[in-house]
Amino acid sequence: MLNAIGNVINQIDGLVWGWWMIILLLGTHIFMTVRTGVIQRKIGTAIRLSVKKDADAEGEVSQFGALTTALASTIGTGNIIGVGTAIALGGPGAVLWCWLTGVFGIATKYSESLIAVKYRVKTKDGRMQGGAMYALERGLNMRWLGLIFAFFGGFASFGIGCATQVNAIATVCNENLNIPPAVIGVAVAVLTALVIFGGIRSIANVCEKLVPFMAVFYVLGCLIILGLNYDFIIPAVKTICRLAFTPGAAVGGLTGRGIMMAMQYGIARGLFSNESGMGSAPIAAAAAQTRNPVRQALVSSTGTFWDTVVVCLITGLVLVTSIMKNLAIDMGNITDGGLLTTLAFQQIPVLGPVILVVGIISFAYSTVLGWAYYGERCVEYFCGKKGLIPYRVLYIVVAAIAPVISLNLVWTVADILNALMAVPNLIAVLLLSDVIVKETKKYINNLDARDETPIEVVDK
């Protein structure tokens, strides 16, 4: 019976994450790149804005706090294990397609964040609410579709945001530090409870400190490994570019599976990693203190830049150079991305395993915090403020039991829910593209201008 259910769910997963979803997401990325006048050219300005405060503007947290909260959920185990999966299944050429997805995905992240800020509302107690659900309701008069997005988003948070992440922490701690999984589950649950009951300000405060540390630590560690593998960097880049378009073999048993396989796995893992188009990050963007929607949209777009264009690319280079340098890694028998990543990092004495362990623990825990906030906002939209306490309690319970339950089915269900979240969000982005273009033209050359439109106060 359970096997039959699992097979049905796997078939549904294959359907919702089939070529139609990849075409929809990548097509939206390219369409919004054109419509926004290649907003990626403003990435330097966006990075500068992300470290500035706009304290005299309305909002709950700083622009940087909103960005790091969003980055907390997007920079996760997918940046480490997900890239390994793309290489194992799609060949090293998948790294290029993953990177290109991030480059074009900047435009979608910008667009979805812009409408999240433009259509946000404020509760009577001063809390900002925004995201795809409010853009659909207030921008398109499609509250029913907003409720669907919130429903899927709330349930998705338990899987991809909590259970899978805590399980990854427990696994790496058990394998490397011999700490029992049950102990890790309780510890993560307690730490999570201490943060999420403080709301967005508490989550943002932790993320502002944790995200820069974990990102800098991981990137510096990877750069050291690339320094050790320096003689394979250029060959690796050539191999990645060549096998992104043609089948063939390379040093270290690396095999290109052709353009279709490289595109499928590279694009899919890139989309899953940076969440551009999924509608999650704009929920955090809506809470930011910002003078106008374009200003925060630019800041939010840097999330995709750091997540995929930088972190995923560096991970891909570390993996490919390590495989090419260390012939002990038998690519012919590896289809598991986690195993490939572990073997590649283990080739570096002392440093490699430390980077992997600290990276997975910090990346996964930050994702738990970021998705807790996303889930809260979805639950509040769907059933009101009364649902927040039960949601937080259930989220903490899931964190506690995650290390001792089988997660194969949870991963698959989470994948399905993420896809189902993306569809309403992309509908909002595409149907409101004229609004996005209009707002962009209005503020892009005057980012200090203040949007004087009153923020609607709702009775929640």
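Which of the residues belonging to region 177-191 are open to solvent by 40 Å² or more (accessible area, probe 1.4 Å), under 12 Å from VAL404 (Cβ atoms) and in a helix (DSSP H, G or I)?
Taking region 177-191 as the starting set, the residues that turn out to be open to solvent by 40 Å² or more (accessible area, probe 1.4 Å) are 177-183, 186-187, 190-191.
Subsequent filtering for residues that are under 12 Å from VAL404 (Cβ atoms) retains 180-183, 186.
If the condition is that a residue be open to solvent by 40 Å² or more (accessible area, probe 1.4 Å), under 12 Å from VAL404 (Cβ atoms) and in a helix (DSSP H, G or I), then PRO181, ALA182, VAL183, VAL186 are the ones that fit.
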Legend entry - Neighbours by Cβ (under 7 Å, 6+ apart or cross-chain): first from region 72-94, farther than 18 Å from PHE345 by Cα and open to solvent by 10 Å² or more (accessible area, probe 1.4 Å); second at pLDDT below 75 and not basic (Lys, Arg): LEU89/THR335
Legend entry - Subset of region 378-431 that is in contact (Cβ under 8 Å) with a residue 40 or more places away in the chain and out of contact with any helix residue (DSSP H, G or I) (no Cβ under 9 Å at 6 or more places or on another chain) - its residue that is surrounded by the most Cβ atoms within 10 Å (Cβ to Cβ): LYS385
Inset, instruction - Mind listing whichever residues of region 26-61 are open to solvent by less than 50 Å² (accessible area, probe 1.4 Å), farther than 30 Å from ILE455 by Cβ and either touching a residue at least 12 places away in the same chain (Cβ under 8 Å) or within 18 Å of the chain's Cα centre (by Cα) (or both)? - result: LEU26
Inset, instruction - Could you tell me whether any residue of region 253-265 is open to solvent by 10 Å² or more (accessible area, probe 1.4 Å) and at pLDDT 85 or above? - result: no
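Tell me the helices (runs of 4 or more DSSP H) entirely within region 61-170 that contain at least 2 residues that are under 15 Å from ALA372 (Cα atoms).
Output list reads 63-74, 143-158.
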Legend entry - Test result for GLY359, more than 24 Å from ILE87 (Cα to Cα) and in contact (Cβ under 8 Å) with a residue 24 or more places away in the chain: no
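Please verify whether GLY159 is buried (at least 17 other Cβ atoms within 10 Å of the Cβ) and either free of Cβ contacts under 8 Å to residues at least 60 places away in the same chain or within 17 Å of the chain's Cα centre (by Cα) (or both), treating the condition exactly as stated. Explain how you work it out, then say what you get.
Working: buried (at least 17 other Cβ atoms within 10 Å of the Cβ): yes; either free of Cβ contacts under 8 Å to residues at least 60 places away in the same chain or within 17 Å of the chain's Cα centre (by Cα) (or both): yes.
Yes.
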Inset, instruction - Name every residue in region 215-236 that is open to solvent by less than 60 Å² (accessible area, probe 1.4 Å) and part of a helix (DSSP H, G or I), in order of residue number. - result: ALA215, TYR218, VAL219, GLY221, CYS222, ILE225, LEU226, GLY227, PHE232, ILE233, PRO235, ALA236
Legend entry - Members of region 162-176 that are small (Gly, Ala, Ser) and surrounded by fewer than 23 Cβ atoms within 10 Å (Cβ to Cβ): none
Legend entry - Residues of region 201-214 satisfying the condition of being of a type in the set (Val, Ile, Thr) and open to solvent by 10 Å² or more (accessible area, probe 1.4 Å): VAL206
Inset, instruction - Evaluate region 435-454: report whether one residue or more is touching a Ser or Thr at 6+ places or on another chain (Cβ under 9 Å), aromatic (Phe, Trp, Tyr) and on the phi < 0 side of the Ramachandran plot. - result: no
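The values are calculated or read from the model by the stated rules, or taken from the named source; none is laboratory data. Just so we're clear, the structure is a prediction, and the values are computed from it rather than from any experiment. Ideal geometry is used to build each Cβ from the backbone, glycine not excepted, and the neighbour counts take in all protein chains shown. The protein model used for the area step is the full one, side chains on, heavy atoms only, and it has no ligands, DNA or RNA in it. Shrake-Rupley method; radii C 1.70, N 1.55, O 1.52, S 1.80 Å.
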